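Each remark here refers to the structure printed beneath this line.
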Amino acid sequence: MRDEDTGKLLDACKGKGFANLRDEALIRLYCNTGARLSEVGNLLVADVDLNTESVHFHGKGAKDRRVRFGPKTARALSRYLRARDKHKGACTARKPGSGL
């Protein structure tokens, strides 16, 4: 995907709403880490470490890896996780408090 296409996706996510914050965080995480869809889809909140700006992916074939991400991704994830804490029912899709 080209940078201009990624920019268009991120422009579509502008806003302070829960879905906007979630979508921006996920798009930045994909682009910044090169993760697979399944790796991001299976992330748990505990897999994200904002202190070290890294994420622990559980990959294909039971291969785990830790990948660093940049400050813009860290900021987007931080905003999303704060909004998620306040969002009604955000953690009811899986076990409470587990899924990203």
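A compact table of results
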quantity	calculated
Boolean, residue 98 is out of contact with any Lys or Arg (no Cβ under 6 Å at 6 or more places or on another chain) and either open to solvent by 40 Å² or more (accessible area, probe 1.4 Å) or at pLDDT 90 or above (or both)	no
Matching residues, region 11-32, being farther than 11 Å from residue 76 by Cα and in a helix (DSSP H, G or I)	11, 12, 18, 19, 30, 31, 32
All positions within region 55-88 that are in a helix (DSSP H, G or I), under 18 Å from residue 6 (Cβ atoms) and either hydroxyl-bearing (Ser, Thr, Tyr) or over 12 Å from the mean Cα position of the chain (by Cα) (or both)	71, 73, 80
Qualifying residue in region 23-37 (condition: touching a Gly at 6+ places or on another chain (Cβ under 8 Å), at negative phi and open to solvent by 60 Å² or more (accessible area, probe 1.4 Å))	yes
Close pairs from region 33-54: first assigned to a strand (DSSP E or B), partner exposed (fewer than 13 other Cβ atoms within 10 Å of the Cβ) and at pLDDT 90 or above, Cβ under 7 Å, at least 6 apart	54/66
Those residues of region 1-50 which are more than 19 Å from residue 83 (Cα to Cα) and among the aromatic types (Phe, Trp, Tyr), in sequence order	30
Unmet criterion (only one of (1) at pLDDT 95 or above; (2) surrounded by 18 or more Cβ atoms within 10 Å (Cβ to Cβ); (3) touching an Asp or Glu at 6+ places or on another chain (Cβ under 7 Å)) for residue 68	(2)
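The values are calculated or read from the model by the stated rules, or taken from the named source; none is laboratory data. Given the structure is predicted, the values throughout are model-derived calculations rather than measurements. Cβ coordinates were reconstructed from backbone atoms using ideal geometry, including for glycine residues, and neighbour counts include every protein chain displayed. Keep in mind that these areas ignore ligands, DNA and RNA; they rest on the heavy atoms of the full protein, side chains included. Shrake-Rupley method; radii C 1.70, N 1.55, O 1.52, S 1.80 Å.
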